[in-house]
Amino acid sequence: MTTSEAISLWDVSAEEPDYRAPLDASGVVDVAIVGAGFTGLSTALHCAEKGLSVHIIEAQQIGFGGSGRNCGLVNAALWLPPQKVREKLGTTYGPRFIKKFGSGPEYVFSLIEKHQMRCEVTRTGTIHAAHGPRGFVDLQERHKEWQRLGEPVDLLSREEVTQMTGTDHFHGGLLDQRCGTINPMSYCRGLARAARGAGALISTGVRATRLQRDGDLWRVQTSQGELTAKAVVLGTNAYTDELWPNLNRSFTPIHYFQLATKPLGPEADSILPGKQGLWDTGQIMFNVRRDAFNRLLLGSMGKVIGSKDAGLSNRWARKQIQRIFPELGPVEFEEAWHGQIAMTPDHLPRIHELDNNLYTPIGYNGRGITTGTMFGETLAGLLTGMDPADLPLPITRLSAVASAPIMSRIYQSAFTANQIYKAF
């Protein structure tokens, strides 16, 4: 595959092999899954390990959506501080959610180790960096709460962040030692390999076109035939289409873009020498990390405008490097891409039961690696007799966000304006 055909840098740099196969359906399976990203593949793996027959159908290729396009930061919990999560979910679900999703990175890393996935793992933490003095105040409040909960999250002074990042651009930060980075597409393919090894079937290039109840069964009409299942899981998140009424209107889609330099030499050694991934406290978030091949990746909210070689996003990335890491000098970019994020009004994910034995976890708000993986384990439990009262958050009814189309356009305009402002 050439980079011009790839959906992201990760698509060509992944060590785990891709897998593609047409639909080969016969009989009735216990679980049909739509979407071969983190959610679908984790659900398939955990269901198959529990003895269920599973068949995943994917309209494009494994990891085609956000799973193969994100920046690869394996972060704990949510963008929201834990006190806000507890406030929104209450005294029963709040602490349970915080504890379970605080351990999300460890669970991801345990699967990687168990199945020997080759996905460029680092476990040196991630840095939530203060983009200004007010951002540092927010991080101080978060730190107090994480300390109260006994989690290994360290408050970093401006001097400490400078030492760990190679730039004095940030005003302090939090080092979350639970976290790390991966090649997300390689992890996705590793999940697919593990799921297939456990007995799950995966069919790619197969688009689900209709869901129909037939007594106690579901008939999934596809572009290549029909699949019959006792239960269905929609694992499409931000790439949800109109397969189920109003599901794609239950969140606000926003874009997030990345540019990756070509591999750098020793001039980049001072930049994030511990290979932590970094994201900042800015309202329009910025991230930066180095991969296993010494590429520097920079990203922010919005779409790629132009290409890796020219255009607004290329100029934006060059300007950020000039401003934050001036010692690098001019760089060349190897790839540029963007993906979609499903944002919910309260910034919390959802588990919807759309109909009898029809589930969808959705609205990951940019935390797909851990959320998708852990929801896969949760759904497997739910489909094998788990009490819904023991879920990390309650099953909720589908509710359309009336303002989603308008807000999506407003956000995109703001993100484009931000690129323009910071590119000149």
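No value in this document is a laboratory result; all are computed from the given coordinates. These numbers were taken from a predicted model, which means no experiment stands behind them. Positions of Cβ are generated from backbone atoms using ideal geometry, with glycine treated the same way; all protein chains shown enter the neighbour counts.
Here are some notes:
- Sorted by Cβ density within 10 Å, fewest first, the residues Met285, Met374: Met285, Met374
- Mean separation of Cα contacts under 8 Å (6+ apart) over length of the stretch 76-155, as relative contact order %: 26 percent
- When both the stretch 359-399 and the stretch 41-88 are represented by their alpha-carbon centers, they are found 9 Å apart.
- For the stretch 126-177: rounded, prolate or oblate by the Cα gyration tensor [a/c cutoff 1.5]: oblate
- For the stretch 275-349: rounded, prolate or oblate by the Cα gyration tensor [a/c cutoff 1.5]: prolate
- For the stretch 1-130: rounded, prolate or oblate by the Cα gyration tensor [a/c cutoff 1.5]: oblate
- Beta bridges assigned by DSSP with both partners in the chain are antiparallel in approximately 70 percent of cases.
- Reported to the nearest whole Å, the Cα centre-to-centre distance from the stretch 404-424 to the stretch 285-309 is 17.
- In plain terms, the residue of Trp10, Trp79 with the fewest other Cβ atoms within 10 Å comes first and the most crowded comes last, giving Trp79, Trp10.
- Taking the fewest neighbouring Cβ atoms within 10 Å as the starting point, the ordered list for Glu353, Glu87, Glu334, Glu5 is Glu5, Glu87, Glu353, Glu334.
- DSSP loop trypsin sites (Lys or Arg not before Pro) with at most 13 other Cβ within 10 Å excluded, longest remaining stretch of the chain: 21-396
- Of all lysines in the structure, the ones whose alpha carbon falls short of 28 Å from that of Lys88, not counting any fewer than 8 places away in one chain, are Lys99, Lys100, Lys144.
- Where only DSSP H runs of four or more residues are counted, the chain gives -10500 deg cm²/dmol as its mean residue ellipticity at 222 nm, each run worth -39500 (n - 2.57).
- Contact order relative to length of the chain, as percent, for alpha carbon pairs under 8 angstrom and 6 or more apart: 24 percent
- With 5 Å bins from 0: P(r) over the stretch 305-424, alpha-carbon pairs, percent: 2, 9, 14, 15, 13, 11, 10, 9, 8, 6, 3, 0
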